[in-house]
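The values are calculated or read from the model by the stated rules, or taken from the named source; none is laboratory data. On a predicted model such as this, the values are computed, not experimentally measured, just so you know. Cβ placement follows ideal geometry from the backbone for every residue including glycine, while neighbour counts extend to all protein chains displayed.
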Amino acid sequence: MQYQENLRVNVAASFTKGTARSEVFKSMNHTDFAGEKDLTKRGSYNKNTGETFTWSLNASVNYNLTFGKHLISLFGRWNVDENQGNSVNLSAKGFPNDNMTDFLFGFEMDNRVAGMESTSRSVGVIGQVSYMYDTRYSMDFSIRGDLSSQFGSNTGMAPFWSIGARWNMHKEKWLENTFISNLVLRGSYGVTGSQSYEPYQATEMYSFRELMFPYPATDVLGAQLKGIGNPDLGWSKTKNRSVALELGFFQNRLNFGASYYNNLTENLLLDYTLAPSVGFRTMTTNVGAVKNEGIDLQLNGLIINDWERNIQWTLGINGAHNRNVVEKISNVLKALNETNLASKDEPLPIYEEGKSMNQLFTVRSLGIDPATGKEVYLKRNGEKTFVWDAVDKVPMGDSQPKWNGSISSSFLYKNWSMNLAFTYSLGAHIYNQTLVDKIENSKVAYNLDRRAIKARWSKDNPDAKYKSIEIIGNDTPQSSRFVQKENKLTFSSITLGYRFDPKNFKFLQTCRVASLSLNATMNDIAVLSTIRQERGLDYPFARSFNLSLSVLFN
Amino acid sequence: MKKIILACSWIILMMMSACSDWVDVSPNTDVKSEDLFTSESGFKSALIGIYGRMTDQSLYGGHMTFNFMEKLVQRYDNNNDSDDVRAKIYDYKNQSDPKNTLASIWSAMYQDIANINSLLTYLETNGHYITTEGYWEMIKGEALGLRAFHYFDLLRMWGPIYAQDSTAKAVPFRDKFNSDKVAPMAANELAHKILDDLIEAENC
């Protein structure tokens, strides 16, 4: 029969097991125990072990049907997943002799056993129907249903769906044999869900852990409620809307792509503060909403394609602009805003409905007063003042770049290859913590930035950017004086490669090697930025070098 | 063709219906409420848990007995501890230390009440799991008595001076464990609720 040739059934299973281990042993002679006389309290051993186990099973059916210019394909997929995690942390103390280095020699356990356990399971089905006419027009519709153990018992199966249409204009008669080799217009609309949440957040549970003490009057151990469950807790849903255009010229040697998206995520899971008489402070509920809107542009071209001399050079550049807007927040986040607004040290995130998630709130500064050397602030009502007040904070820009993207180049010459990758970002407003920490809020006794001495206000230098040196002074509070606009170019990686062609190396032929290639990669090479700031010791630059050799036998 | 589609959809349907139980995961480290109350010892644990909770330092293992309450009634002073000087603890509406102490007492009291209400609800729905003669009545009586005791202490602390104004708003009364908002109840009404609980406990 005809249909059996077009029917494809696929079954796949995967299992992953991971183990993690960390052990910290401190000898009895460690300086931590210098003041301890009791030998049975010297020396410590922390032993943490963790295990993860993940398995998934999926089966899919695909069926294609062609008649005339019509092509219909049907697709169905069923999957089951389980994720398990388990960890145990043990710590013992008292290793009174350096020959006793195994955990079992510990004199006593230091803390109670800690650790965690999590299991989450999900089941899903996907059905998809697509139809194509004459390879020019196509439409597809897909629907999926998911069950997950992470959500409330009343939630049931969440149906998600999407619909898309595509018009291959380059297949139309009026574009045949022109310099345009690819022209596609496509659009889609759909609802998707997110699943990366805590495993037991919806469940109402009793715990024995905090009540583990003896009860002379009874034969059981006490249990208490751990939190309030939310049987109605459901998926957060995202409405995805997008349109895109693809363009290709000269047999696709030059390609251009543009897309616009507008995604609204609703029912985001956030903690919600409950009435104080409930007994528990917060409950996870579906309350938040965020909108993301943006465009992506791509341009890449095969600039040199010389087969005779074996040279090939491709260059690509892409850019993206994204704008996010908080549509709805919970009362927990509103309370967090209040504490964050009061912060004096550095600007903390403020979430306001109808505004960007990355607003930078701080007090407006007019700079250093040339007469006194003090910082002049602007109040909300426009008055000038020397007094810093958290109430005067206003949005001073957005920490998300207006435009960001990457540039990549790939060059091939005979058996040599070279790849370069850059990223760039433009127009982000950054609070320059280095300026505050290393110039104004540093002590003269420590290592200092050059500007900490030379760029400070004094009677001889009244136009300075930074306030006068004070031996005993208050720390400089946050203000717009340290908010700077950042344009950044990062040289993120370079790869050099050479392929040993067995045609040129007889030795490889005798070893039956089909191909041998050597690659050298270097990452995080350089950063050019309009802001001069330190990465500090917490997250310093890590330049990494990799050398790899890959061999393929025939 | 039709047979295959029919067979496939039937298989998928069977798999999905079997799976709604499978995605109902019970954690290993804690017990789901609905699983705890499926044995007599689970009910006993929940009751003992309330007594255990009451020994907390925020409650009768500290502030509600010898600590904050006794300091408020001037039974003794802790002169070495500047957090507890009289001027500070009597200004409990403005000073953060006594404010935090009061907040911890309030939330621990209501967390006890949440535990009591949860136990009382499960006594009604899952009471048939208790098999020993007289146990159901004893647990219910003790739970009701404990609830009356907690509300009496809440009324004592947050209520008005009863002899002067017994209709003033005191504290919210909850007899169900849920997340609904409940307005504070008038002191005389709350007193009746306490008496009702005590009478019901006696008749258990």
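Quick notes on this one:
- Failed condition for A:THR372, given (1) polar (S, T, N, Q); (2) surrounded by fewer than 16 Cβ atoms within 10 Å (Cβ to Cβ); (3) closer than 16 Å to A:TYR431 by Cβ: (3)
- In the range A:202-241, residue modelled with the lowest pLDDT [restricted to those that are among the basic types (Lys, Arg) and over 29 Å from A:THR265 (Cα atoms)]: A:ARG209
- Checked against (1) surrounded by 13 or more Cβ atoms within 10 Å (Cβ to Cβ); (2) free of Cβ contacts under 8 Å to residues at least 12 places away in the same chain, A:LYS465 meets all criteria but (2).
- For B:LYS181, the conditions (1) within 11 Å of chain A (Cβ to nearest Cβ); (2) surrounded by fewer than 16 Cβ atoms within 10 Å (Cβ to Cβ); (3) under 30 Å from B:GLU40 (Cα atoms) are fulfilled apart from (3).
- Taken over the range A:444-458, residues that are surrounded by 13 or more Cβ atoms within 10 Å (Cβ to Cβ) and farther than 17 Å from A:PRO370 by Cα amount to 4.
- Hits in the range A:27-78 (condition: without any contact (Cβ under 8 Å) to a residue 12 or more places away in the chain and either within 13 Å of chain B (Cβ to nearest Cβ) or outside any strand (DSSP E or B) (or both)): A:THR31, A:PHE33, A:ALA34, A:GLY35, A:GLU36, A:LYS37, A:ASP38, A:GLY68
- Of the numbered criteria (1) assigned to a loop (DSSP other than H, G, I, E, B); (2) at pLDDT 80 or above; (3) of a type outside the set (Ser, Thr, Tyr), the one A:GLY497 fails is (1).
- Scope the range A:175-186; condition at pLDDT 85 or above and either surrounded by fewer than 16 Cβ atoms within 10 Å (Cβ to Cβ) or within 14 Å of another protein chain (Cβ to nearest Cβ) (or both); matching residues: A:PHE179, A:ILE180, A:LEU185
- Selection of first residues in the range A:194-216 that are under 19 Å from B:SER39 (Cβ atoms) and exposed (fewer than 11 other Cβ atoms within 10 Å of the Cβ) and of second residues that are modelled with pLDDT under 75 and of a type in the set (D, E, K, R), restricted to Cβ pairs under 7 Å at least 6 apart or on distinct chains, gives an empty result.
- All told, A:LEU104 falls short of being in a strand (DSSP E or B), at pLDDT 85 or above and hydrophobic (A, V, I, L, M, F, W, C).
- Filtering A:ALA158, A:ALA165 for residues that are more than 9 Å from chain B (Cβ to nearest Cβ) and under 17 Å from A:GLN201 (Cβ atoms) leaves a single hit, A:ALA158.
- Residues of the range A:257-272 include none that is more than 22 Å from the chain's Cα centre (by Cα), without any contact (Cβ under 8 Å) to a residue 40 or more places away in the chain and surrounded by fewer than 17 Cβ atoms within 10 Å (Cβ to Cβ).
- Of the criteria (1) in contact with a strand residue (DSSP E or B) (Cβ under 8 Å, 6 or more places away or on another chain); (2) outside any loop (DSSP other than H, G, I, E, B); (3) farther than 18 Å from A:ASP146 by Cα, which one A:ASN111 fails: (2)
- Test result for B:LEU59, in a helix (DSSP H, G or I), more than 7 Å from chain A (Cβ to nearest Cβ), touching a helix residue (DSSP H, G or I) at 6+ places or on another chain (Cβ under 7 Å) and modelled with pLDDT of 70 or more: no
- Qualifying residues in the range A:273-295 (those that are within 14 Å of chain B (Cβ to nearest Cβ) and of a type in the set (Val, Ile, Thr)) - the one surrounded by the fewest Cβ atoms within 10 Å (Cβ to Cβ): A:THR273
- Pairs where the first residue, in the range B:154-172, is away from chain A (no Cβ under 14 Å) and modelled with pLDDT under 90 and the second is part of a loop (DSSP other than H, G, I, E, B) and surrounded by 14 or more Cβ atoms within 10 Å (Cβ to Cβ), C-beta under 8 Å, 6+ apart: B:SER166/B:PRO160
- Checked against the criterion of being farther than 30 Å from A:ARG144 by Cβ, in contact with a Ser or Thr (Cβ under 6 Å, 6 or more places away or on another chain) and of a type in the set (Lys, Arg), the range A:42-52 has no qualifying residue.
- In a residue-by-residue description of the range B:113-132, the property of being in contact with a His (Cβ under 8 Å, 6 or more places away or on another chain) and farther than 26 Å from B:ALA201 by Cβ applies to no position.
- Filter pass, A:VAL80 being touching a Leu at 6+ places or on another chain (Cβ under 6 Å) and within 30 Å of B:ASP30 (Cα to Cα): yes
- When the range B:32-54 is filtered for residues that are outside any helix (DSSP H, G or I) and either more than 8 Å from chain A (Cβ to nearest Cβ) or touching a residue at least 24 places away in the same chain (Cβ under 8 Å) (or both), the ones remaining, listed by number, are B:PHE37, B:THR38, B:SER39.
- Scanning the range B:21-31 for residues that are part of a helix (DSSP H, G or I) and either buried (at least 19 other Cβ atoms within 10 Å of the Cβ) or more than 8 Å from chain A (Cβ to nearest Cβ) (or both) turns up just one, B:ASP21.
- The one condition in (1) of a type in the set (Lys, Arg); (2) within 14 Å of chain B (Cβ to nearest Cβ); (3) loosely packed, with under 14 Cβ neighbours inside 10 Å that A:ARG380 fails to fulfil: (2)
- Residue match in the range A:142-163 (condition: of a type in the set (Lys, Arg) and part of a loop (DSSP other than H, G, I, E, B)): no
- Extreme residue, surrounded by the fewest Cβ atoms within 10 Å (Cβ to Cβ), among residues of the range B:88-103 that are more than 12 Å from chain A (Cβ to nearest Cβ) and in contact with a Phe, Trp or Tyr (Cβ under 8 Å, 6 or more places away or on another chain): B:LYS99
- Residue match in the range A:400-422 (condition: hydroxyl-bearing (Ser, Thr, Tyr) and at pLDDT below 80): no
- In the range B:104-131, the qualifying residues are those that are farther than 19 Å from B:GLY52 by Cβ and more than 12 Å from every other protein chain (Cβ to nearest Cβ), and the one that is surrounded by the most Cβ atoms within 10 Å (Cβ to Cβ) is B:ILE130.
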